[in-house]
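What follows draws every value from the coordinates through simple rules; no lab data is involved. Keep in mind that what you see is a predicted model, and the values were worked out from it rather than measured. Because the Cβ atoms are built from the backbone with ideal geometry, glycine has one as well, and the counts that use them run over all protein chains shown.
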Amino acid sequence: MVTEPVGDGLIILTFFISILLSWLFTSRVRRYALKKDLLDIPNARSSHSVPTPRGGGLSIIIVLLISTVVSLFLPAAPVQLLVSLVLATLAYAVLGWQDDKHDLPAPIRFLFQLLIAAIFIEWLVWNRMLDFTLSSGGIVVILFSVLWIVWMANLYNFMDGIDGISAVETIMLGTVTSFWFAMSGANSIAIICIAVAGAGLGFLRWNWSPAKIFMGDVGSLALGAFFAIIALIGSSILNIPFIAFLILYAVYLADSGVTLLYRMIKRERWWQAHRSHFYQRAVQSGYSHAQVSLAVMVINLLLAVLASLVVAGVLDANIALLASLIILAPLMFL
């Protein structure tokens, strides 16, 4: 990828404009959700007690789209790659929006998620935007990439269960990945990532406890897919160690992964909604939504430092991975 000559000032400006736009768009989405009775009704598996509008993540996706359009006009911007990134993210957003409105059956959701991811990866490989050579195990890498996108989309959805948690995660992941891409010279993608972070902060104003609107599947599915794709682009094109992304995403990966494994071992219906996540157990133990979300932010800060040291080549990846597991270990005892 050619280094893109864009100053840090544009990235910073994008962040603050995105905060404002997301804050404004979320208020509009909230009014629409109330008007259309697009509400999340509490049930036995919910962590909230009052009907709450959903679909607020749409504001983040709109900001992402705007930032992508802006990035397309930057010098040396990889236009085809940016368009592919935003189209895949939008496809997941559309699927999520339909699920928010109509509660799609789980098999239908999963089928479309697989289809979107497969088409996206095949498109990138066909147009040589990702270098997965078939003769060197590329088929396995392609299969992993498809499943990685689907898994990230779903775990982001699984984890969006209490006020503020996914907005905080979005702010952290967007900010750190923006820094990594900017340092690698991929400023157009850095701008998109920082726009997503800013949009997450603008949305947090409405989603902080007590939440006035939820992110909904339109936001969680799309953002999970977005950060999965960002990891693939960063590792395959810019040689950012993939393990750095795993460490950065570790809070959500560990919670969802361990919880899923635990439920499968107990022969529970692991594909159904539940209240077994670490963050849900923390709330059940008496911690407030705000306290848990702040704890996630602190853990993310520690993981971000470890992951960034790996990217900088200062810290061995295996040592960083071990340190991240130590940081996450207390979650097992919630």
With the cut-off at 1.5 for a/c, could you classify the chain from its C-alpha gyration tensor as rounded, prolate or oblate? rounded
So the number of lysine pairs in the chain with alpha-carbon atoms under 19 angstrom apart, 8 or more residues apart or on different chains, is 5
Is the shape of segment 142-195 rounded, prolate or oblate, going by the alpha carbon gyration tensor and its root eigenvalues a ≥ b ≥ c, with a/c under 1.5 for rounded and a/b larger than b/c for prolate? oblate
In nm, to one decimal, how far is the modelled label at Leu238 from the one at Ile108, with both set 7 Å along Cα→Cβ? 3.8 nm
Sum of -39500 (n - 2.57) over DSSP H runs of 4+, divided by residues of the chain (222 nm, nearest 500): -24000 deg cm²/dmol
Where labels lie 7 Å past Cα in the beta-carbon direction, separation of Gln98 and Val50 in nm: 3.4 nm
Mean-square fluctuation check for the chain, GNM, Cα pairs under 10 Å: which of Leu204, Leu111, Leu306 is largest? Leu111
Label Leu87 and Met183 with points 7 Å out from Cα along Cα→Cβ: what is the distance between them in nm? 3.2 nm
Amide H of Gly164 versus every other amide H placed in the peptide plane: which residues, excluding those fewer than 5 positions away on the same chain, fall under 5 Å? none
Amide proton proximity set for Asp40, modelled H, under 5 Å, gap of 5+: Thr52, Arg54
Quick one: among Trp123, Trp97, Trp180, which has the greatest mean-square fluctuation in a GNM of the chain with alpha-carbon springs under 10 angstrom? Trp123
Extension length gain for Asp37 and Val69 (0.36 nm per residue less Cα distance), in nm, is 8.3 nm
If each residue of separation counts as 0.36 nm, what is the full-extension length gain between Leu10 and Lys212 once their alpha-carbon separation is subtracted? 69.6 nm
To the nearest 20 debye, what is the magnitude of the charge dipole of the chain about its Cα centre, counting +1 on the Cβ of each Lys and Arg and -1 on the Cβ of each Asp and Glu? 880 debye
Output the peptides 281-288, 159-166 sorted from most to least packed, where packing is the average of other Cβ atoms within 10 Å over each peptide's residues. 159-166, 281-288
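For segment 253-334, just say rounded, prolate or oblate: build the C-alpha gyration tensor, square-root its eigenvalues into a ≥ b ≥ c, call rounded for a/c under 1.5, and beyond that prolate if a/b exceeds b/c, oblate if not.
Numbers: a/c = 2.91, a/b = 1.58, b/c = 1.85.
It is oblate, given that a/c is not under 1.5 and a/b is not larger than b/c.
Take every Cα pair under 8 Å in segment 1-121 that's 6+ residues apart, average their separations, divide by the length, and report that relative contact order as a whole percent.
Numbers: 83 pairs, mean separation 29.9, N = 121.
So the answer I get is 25 percent.
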Computed FRET value (nearest 0.05) for Ile119 with Met264, which takes r as the C-beta separation and R₀ as 22 Å: 0.15
Given Leu322, Ser84, Ser22, which one lies farthest toward the positive end of the charge dipole of the chain, if we put +1 on the Cβ of every Lys and Arg and -1 on the Cβ of every Asp and Glu? Ser22
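What percent do you get for the relative contact order of segment 221-334 when only Cα pairs under 8 Å and 6+ apart count?
Values: 72 pairs, mean separation 37.3, N = 114.
Across segment 221-334, relative contact order equals 33 percent.
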So, for the Cα atoms of segment 182-293, Rg and Dmax in Å stand at 16.7, 48
